[in-house]
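The values are calculated or read from the model by the stated rules, or taken from the named source; none is laboratory data. This one's a predicted model, so the numbers in the text were calculated from it and none came from an experiment. Ideal geometry is used to build each Cβ from the backbone, glycine not excepted, and the neighbour counts take in all protein chains shown.
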Amino acid sequence: MQLSTAVNTTMTSREIAELTGKRHSDVKRDIEVMMIQLQEDVSKFARIYLDAMNRQQTEYALDREHTECLVTGYNAMLRMKVIKRLHELEEGSRAQLPDFNNPAIAARAWADQVEQRQQLESQLAIAAPKAQFVDSYVNASGSLRFRETCKLLHIKENAFRHFLLDSEIMYLLAGKLTPYAQHIDAGRFTVKTGENQNNGHAFTQNKFTPKGIQWIAGLWAARQVQERAA
């Protein structure tokens, strides 16, 4: 009986950017946010490469689990590109174990592989509802307020509020959830200011854009996978 060895497949942030058509800086930022959610040190995935001008730059090299966790926030077409590439890398480096003379050892190794496959399938099942939402919503137009976003994602408002604050996506300004500037610049939120014509009071209205909801849905799904696996 022959069984496959566990393959330590890695994919760099540069390759993910190339496959998805995203800017490398955006992919790196997505990875950094994901690592905050996972409470892991992003620096252990960092490595130096030389760019076209022979300057030292930083990229991240992710294992298969972290790569799949990252791309849960991308739409179906981009997810598929990355997953296909992962499979190519895995098949290219896969080695075969020698035949086991001891049937008990062979049976144990086979059972370990089945268990690993089941765990992966379980994680993907957790992310599936989010993925279906992303695929349908990404084609929609318009932006949503906090409460509307909670309803769309089926998340309790209190849990979502803590998630946004803990993830440093939003902060409280005069008791009101306000997005950090880098997320506004990334097109994940719209911020509208004005004056109430009835009472003359100034107001600020923050909304999640379709891009922002797609992104936050991926982060939320990654959090759920982490909590289920704990």
Practice task
Report, by residue number, each residue of region 171-230 that is loosely packed, with under 13 Cβ neighbours inside 10 Å, touching a Ser or Thr at 6+ places or on another chain (Cβ under 8 Å), outside any strand (DSSP E or B) and modelled with pLDDT of 85 or more.
Solution key: Gly187
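This table checks each residue for (1) within 20 Å of Leu164 (Cα to Cα); (2) charged (D, E, K, R); (3) surrounded by fewer than 11 Cβ atoms within 10 Å (Cβ to Cβ); (4) in contact with an Asp or Glu (Cβ under 6 Å, 6 or more places away or on another chain).
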residue	(1), (2), (3), (4)
Ile36	yes, no, no, no
Asp41	yes, yes, yes, no
Ala46	no, no, no, no
Tyr49	no, no, no, yes
Glu59	no, yes, no, no
Cys69	yes, no, no, no
Exercise for the section: State the number of residues belonging to region 60-79 that are of a type in the set (Val, Ile, Thr) and over 14 Å from Ala217 (Cβ atoms). Expected result: 1
Fill in the blank from the handout: Of the residues in region 38-80, those that are assigned to a helix (DSSP H, G or I), small (Gly, Ala, Ser) and at pLDDT 85 or above come to Ser43
